[in-house]
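No lab work stands behind these numbers, since they all come straight from the coordinates. Everything numeric in this text was worked out from a predicted model, so none of it was measured. Methodologically, a virtual Cβ is constructed for each residue, glycine included, from the backbone with ideal geometry; neighbour enumeration extends over all protein chains shown.
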Amino acid sequence: MDAAQQEATARARELQRSWYGEPLGALFRRLIDDLGLNQARLAAVLGLSAPMLSQLMSGQRAKIGNPAVVQRVQALQELAVQVADGSVSAAEATDRMDEIKKSQGGSVLTAAGSGQSVNGSGAPTVRRVVREIQSLLRSVAAAGDIIDAADSLAPAHPELAEFLRVYGAGRTADAVAHYESHQN
C-alpha cells in the first residue's frame with residue numbers, strides 16, 4: 001500500500017470513528033467474535049456483499065450507505081451485549097440474527113415488542129435509544145457538518161449545540177452518559 005492509500009485508509013477509519021464510534025473493522029471483528037460468525041455470515045445478516053464488508057473493514061470505504069444496514073449493525077451490537085450477559089442463549093441469538101437479517105429498517109425509534117432491544121419493562125434500553133438518535137443524525141449529515149452546525153448554534157443555543165456534538169459526532173458511551181444525565 002502506497003502513502004496515498006495509507007492516508008486514505010487512515011482518513012476513512014477516522015470518519016468511521018466519528019460516525020460509528022469506532023472503526024468498522026474493530027466493530028465488525030468484535031461482532032464476529034461475540035456472535036460466533038464468520039465474515040460471510042456477518043455480511044449476509046447485515047445485507048451487504050462480502051466485498052463491501054471487506055472494504056468497510058479495511059478502510060477502503062468509510063460509510064455504510066444504507067440506513068437499514070446501520071440499524072442491523074446496531075441490532076447486532078445489542079444482541080452481542082445480551083449474549084455476553086447471558087440474557088440471550090446461542091440458539092436464541094441465531095434466531096434473532098435471522099430476524100435482523102430480514103428487517104428492512106423502518107422507524108428509527110423502535111416500538112416496544114418488535115423484537116428489538118428492550119429491557120425487562122418493555123422499554124427500549126438507553127443504549128438502543130442513543131444509537132438510534134445517533135443513526136438518525138448521522139444519516140442526515142456527516143460528523144463534520146454536524147460539528148459546523150453545532151458551532152453555528154452554540155452562541156445562542158449552547159444546549160442544542162452540545163446535543164448535536166455529543167449525539168452527532170461523539171462516541172456512544174459519551175452520548176449514553178449525556179442521555180442519562182438529562183433524564184428526569
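Across the chain, the relative contact order, built from alpha-carbon pairs under 8 Å that are at least six residues apart, equals 21 percent.
For the chain, what is the calculated [θ] at 222 nm in deg cm²/dmol (nearest 500), taking -39500 (n - 2.57) for each run of four or more DSSP H residues and dividing by its residue count? Computed ellipticity for the chain at 222 nm equals -21500 deg cm²/dmol. Once the Cβ-Cβ distance of Arg171 and Gln60 is raised to the sixth power relative to R0 = 22 Å, the FRET efficiency obtained is 0.40.
By other beta-carbon atoms within 10 Å, ranking Ser58, Ser152 with the fewest at the front produces Ser152, Ser58.
Computed about its Cα centre, the charge dipole of region 120-184 is approximately 320 debye, with only Lys, Arg, Asp and Glu carrying charge at their Cβ.
For region 1-103, the relative contact order works out to 29 percent when only alpha carbon pairs closer than 8 Å and six or more residues apart are counted.
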